[in-house]
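A quick write-up on the structure given underneath.
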Amino acid sequence: MSGHVAPKSLYYLIFLALMIGTGVTVLVAKFDLGPLNNIVMLSVACAKALLVILFFMHVRWSSRLTWVVAGSGFFWLLILFSITMSDYMSRGWVPGTLR
Amino acid sequence: MHGVVMVFFFLIPSIPAVLGNFLVPIMIGAKDLAFPRINLLSWYIYVLGGVFTLFAALSGGVDTGWTFYTPYSTAASNSHVMSAALGVFITGFSSILTGLNFIVTIHRMRAPGMTWFRLPLFIWAHYATSLIMILGTPVIAITVLMVAAERALHLGIFDPALGGDPVLFQHLFWFYSHPAVYIMILPAMGVISEIVQAFSRKNIFGYSFIAFSSLAIAVIGFFVWGHHLFVAGQSVYAGLIFSFISFLVAIPSAIKVFNWTATIYKGSVSLDSPMLYAFGFIGLFTIGGLTGLVLATMGIDIHVHDTYFVVAHFHYIMVGGAIMGYLGGLHYWWPKMTGKLYSEAWSKFSALIVFVGFNLTFFPQFIAGYIGMPRRYHAYPPEFQVLNVLSSAGASILAVGYIIPLIYFMYSLVAGEKAANDPWGSRGLEWEIPSPPPTENFTVTPVVTEGTHQYVHPSQEVGVA
């Protein structure tokens, strides 16, 4: 496919970063950070996903069209999350309805 | 099981796989799809998914319905949920690969001169469908995988006892499955756009409106899923938004219906069998679409939710729309695909039988549902007896209407007359090559100099008095 060949060392570096991310996730699970729980977990997960997409999937070196395609995938995920959350956040606003 | 098989193994792949794989390359002047081997792979994957689902069917079936609603599917059902869900999961990949193949083909393989706004509307419809296939199908795949994970490993995703939320399943499920309705209907709309032009001998009225309305349906279709959750415990405020957006999706659908009607208006209409199916589609889809607006209205939905009104509504879209389009397309391109002509008299007769049988089957269900007959029960109070008898009688007639084409299509393969290149007098690249087309479609790559369908009204034809 695309002509770009990344050095092997980069892949090992990314792999290391992913392992550290996993370690952080496991470590954080041992402590209760209150409202920060979800924020930390999701941030680590997003960072890991980004590394995989940019480097392992070569999007970093791909054409603008590939960026648009990858970006639209994310945008669609955002639609799913945000509109689903519109339900969860507004539940129980009407007195007597379920939360 | 009826739902699983019909939705995932018939309605979704029918037009894209049978007609799309054949016509998409020909219509844009290409030798084949961009990835012929991936095309074959998607067929193998489809068969593999089918094997799992068939196993579920033969070993006792699955009692969750095609929707696999939690917590029943995860915590209660002891039927073959796992194999049916796995079948759906696997078949999803077949759908994704087909969508990917169409998008790459349409972007990269168009013949010289085949600009975006010279593309046949069938292609626009398949392009929009492919977008939904790629953006939506991964979500259903992950969702059924979550069901499997909760069933097998007791991970708390949907079960409240484990900290999950059953309504979350419905959100994830319908995020794909509502757009999936448009995967079924958009290709049929593409077929109708082609047939209406060919049998009215007129160029389509409002080409770009129809092209963009396909994309609009594909995009807006992703924002309306919550109208399936009005009474599922979803917040009423979210329901309001979903209700409003659901009304919006009627606009591009109406654009198509009005533009087809305007195309037929003052055309030189010939009532060959594909056109009969197209007429059936336009009428039945309109009824199905308008009753969709009834269901999108929150207050009325509470009254008719989970009644036969809903069953009638979506069958008007699925059967009256998608299958009418499929049959219309099959009749229109059969001579091109096989090189053989079928009996026109029999095909007109069967189109009529399908139309009558269909309406007799499903129209009484609107009435039964509106006066309160719930879905998913095998028994009903005596006041629904007449309507149910009518509906069953219609189903038998409809079955006859489906069997007759099977017979004359088979017969045409054996003893049918040889079809000319362009038996209908249509326009378009597919009609300029032999029937059936040679292996690589075109011996010389065509150069396109004008919109693919240049129909001239008979009164404007040179030499016609």
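The values are calculated or read from the model by the stated rules, or taken from the named source; none is laboratory data. Keep in mind it's a predicted model, so treat the numbers as computed, not measured. Methodologically, a virtual Cβ is constructed for each residue, glycine included, from the backbone with ideal geometry; neighbour enumeration extends over all protein chains shown.
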Whether any residue in the range A:92-99 is over 22 Å from B:Val231 (Cβ atoms) and within 11 Å of chain B (Cβ to nearest Cβ) is what I want to check.
no
Do the conditions hold for A:Leu78, that is, is it out of contact with any Gly (no Cβ under 9 Å at 6 or more places or on another chain), surrounded by fewer than 14 Cβ atoms within 10 Å (Cβ to Cβ) and either in a helix (DSSP H, G or I) or more than 9 Å from chain B (Cβ to nearest Cβ) (or both)?
yes
Condition first: in a helix (DSSP H, G or I) and free of Cβ contacts under 8 Å to residues at least 40 places away in the same chain. Can you find one or more residues in the range B:324-340 that meet it?
no
Based on what the data block shows, is B:Ala379 assigned to a loop (DSSP other than H, G, I, E, B), of a type in the set (A, V, I, L, M) and surrounded by fewer than 19 Cβ atoms within 10 Å (Cβ to Cβ)?
yes
Taking the criterion of being under 13 Å from the mean Cα position of the chain (by Cα), at pLDDT below 90 and away from chain B (no Cβ under 12 Å), would at least one residue in the range A:25-35 satisfy it?
no
Within the range B:131-146, is there a residue that is over 26 Å from B:Gly233 (Cβ atoms) and away from chain A (no Cβ under 12 Å)?
yes
B:Ser246 vs. criteria within 14 Å of another protein chain (Cβ to nearest Cβ), buried (at least 23 other Cβ atoms within 10 Å of the Cβ) and not β-branched (Val, Ile, Thr):
yes
Within the range B:225-243, of all residues that are part of a loop (DSSP other than H, G, I, E, B) and either at pLDDT 95 or above or within 8 Å of another protein chain (Cβ to nearest Cβ) (or both), the one surrounded by the fewest Cβ atoms within 10 Å (Cβ to Cβ) is B:Gly233
Answer yes if at least one residue in the range B:104-112 is among the polar types (S, T, N, Q), surrounded by 17 or more Cβ atoms within 10 Å (Cβ to Cβ), at pLDDT 95 or above and in a helix (DSSP H, G or I), and no otherwise.
yes
